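One structure is given below, encoded as structure tokens.
Nothing in this text is a laboratory measurement; each read-out follows from the coordinates by a stated rule. Every value quoted in this text rests on a predicted model; they were computed, and no experiment measured them. Using ideal geometry, Cβ is built from the backbone for each residue, glycine included, and neighbour counts are taken over all protein chains shown.
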Amino acid sequence: MVILFSNTKGGVGKSTLAAHLVLYLFDRGRRVALVDADKQGSSSQWIAEAEPSIPIRQVRVPEAAAESVVQLRQTHDYVVCDSPGDDNDVPRTLMLLAELALFPVGPSILDLRSVAIAASLLKYARQINGGRPQGRLLLNKIRKRDRISRSLPEAAEQLGVPLLESRVRDLEAFRDAAQQGTSAARMQRARGFAKQDIEALCDEILRVADSMDVDAAAEAAHG
Ligand SMILES: Nc1ncnc2c1ncn2[C@@H]1O[C@H](COP(=O)(O)OP(=O)(O)O)[C@@H](O)[C@H]1O
Ligand SMILES: [Mg+2]
């Protein structure tokens, strides 16, 4: 299963959530690898520090992105990809190879509009691949004062990308986790909210991924 974190907008939490999903899977005994296409290399540094045994590929060109994903998915249950914030051949290639594409966004309608480029990339890949990958928006960095507009799920639907139910709050623990090369769920001190949010999110992501596996198996059996 290839899971991609994408969005041409920077600072939305692609690397943070990709690193957290990788560690969540690792901590549950899944075979997981990371493909980091972001020039900053933040998720690969993070994972190298947190769990040196997890395979990491840093990719800068589409050929390397394709080769890494195709190789790693033969030997791993999950390949998590961290896409760069620009729109070029690398994110396009990753989108074509992904089975599930996740788009972190902030809670406002404006943030949602900014995901339009990413949504068109998703549409492009789905047209070529016959409906793959599935896309989901996910709300990250929610602050107390944010009022999540009721029209948000509707706007997401219009964009053609459903919204995951789990929401991740804006919490210091996620910034600390990056600095300390660990996950908010693994941290010793009382980090209840961050742990709750990230585990609920990762559980939901896996439920979506598993239901896609079931669909694919049914299709294969009938085809
Ligand atoms: N839920 C969150 N709570 C607090 N800070 C967050 C959260 N998600 C991301 N951040 C912070 O926001 C900044 C951008 O996140 P990052 O994962 O690097 O985004 P991207 O990869 O999309 O550019 C980082 O400083 C990160 O620590
Ligand atoms: Mg990043």
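Summary of values
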item	result
Segment 2-222: C-alpha pair distances exceeding 31 Å, %	14 percent
Highest average packing first - 114-121, 54-61, Cβ atoms within 10 Å	114-121, 54-61
Rounded FRET efficiency, nearest 0.05, which uses the C-beta distance separating Ile128 from Ala48 and R0 of 45 Å	0.85
Gain upon complete extension [Gln71, Ala217; 0.36 nm per residue less C-alpha separation]	50.4 nm
Over 22 Å (Cα to Cα) - which of Lys9/Lys39; Lys123/Lys144; Lys14/Lys39; Lys39/Lys144 fall in this group	Lys123/Lys144; Lys39/Lys144
Segments 10-21, 101-112, 197-208 sorted - mean Cβ within 10 Å per residue, highest first	10-21, 101-112, 197-208
Computed magnitude of the charge dipole of the chain (debye, nearest 20; Cβ of K, R +1, Cβ of D, E -1)	660 debye
Between segment 1-70 and segment 92-169, the Cα center-to-center distance that results, in Å	19 Å
